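The values are calculated or read from the model by the stated rules, or taken from the named source; none is laboratory data. All values reported here derive from a predicted model rather than from experimental measurement. Cβ: placed from backbone, ideal geometry, glycine included. Neighbour counts: every protein chain shown. These area figures cover heavy atoms from the full protein model, side chains too; ligands, DNA and RNA do not enter into them. Shrake-Rupley method; radii C 1.70, N 1.55, O 1.52, S 1.80 Å.
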Amino acid sequence: IKVGIVTRNCRRVSVGLLARFALPHHLLLTRDDVARTKPNPEHLWEALRLLGESPHAAAMVGDHWMDVQAGVRAGCAATLGVLGRNDASWFTPCPPTATARDLAEAAPLFGPA
């Protein structure tokens, strides 16, 4: 599974966070890299283009309803809302296909490690 990180954060902060938490990924696309960020679907479309994937083969995983909205607008096959400390109502403005408390809980939804 290819993992693209699409964030509204700047590249400097994103690189620092990724170094700190060692989240495996193939692509990092920040607000510094695109003209329009999430929830505009162009942010995801650019990531998918760079990964060589289509939206119909992709899932958008995010911790905000705007992430889910971007995934829906981009035509992603599925959206997953990561709840963290929030309850499901956090995603009321744009409900995801599924929710998980955190990435560890979400991982089995994407197949064996």
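For Leu28, the residues 5 or more places off, or on other chains, whose built amide H falls under 5 Å of its own are Ile5.
For the chain, the per residue solvent-accessible surface stands at 61 Å², with DNA, RNA and ligands left out and a 1.4 Å probe.
Here the accessible area of the chain is 57 percent carbon and sulfur, with a 1.4 angstrom probe and all protein chains present. Using Cβ point charges alone (K and R +1, D and E -1), the dipole size of the chain about the Cα centre works out to roughly 260 debye. Our coupling estimate for segment 45-59, obtained by passing each phi through the Karplus curve with A = 6.51, B = -1.76, C = 1.60 and θ = phi - 60°, is 4, 5, 4, 5, 4, 5, 7, x, 10, 9, x, 5, 10, 10, 10 Hz, Gly and Pro reported as x.
Residue-wise HN-Hα couplings along segment 20-35, as the Karplus relation 6.51 cos²θ - 1.76 cosθ + 1.60 with θ = phi - 60° gives them from phi, are 5, 9, 6, 7, x, 7, 9, 8, 10, 10, 9, 5, 6, 9, 9, 7 Hz; Gly and Pro carry x.
Filter the GluC sites (Glu not before Pro) in segment 24-61 to those in DSSP coil with at most 16 other Cβ atoms within 10 Å of their Cβ, and list the result.
Values: sites: Glu42, Glu46, Glu53; in loops: Glu53.
Of the GluC sites (Glu not before Pro), the ones in loops of segment 24-61 whose Cβ has at most 16 other Cβ atoms within 10 Å are Glu53.
Connecting C-alpha atoms closer than 10 Å in a GNM of the chain, tell me which of Val34, Val68, Val15 has the biggest fluctuation. Among Val34, Val68, Val15, the largest mean-square fluctuation in the Gaussian network model of the chain belongs to Val15.
Only one residue of Met60, Pro95, Asn9 has its Cα farthest out toward the positive end of the dipole of the chain, where Lys and Arg carry +1 and Asp and Glu -1 on Cβ, and that residue is Asn9.
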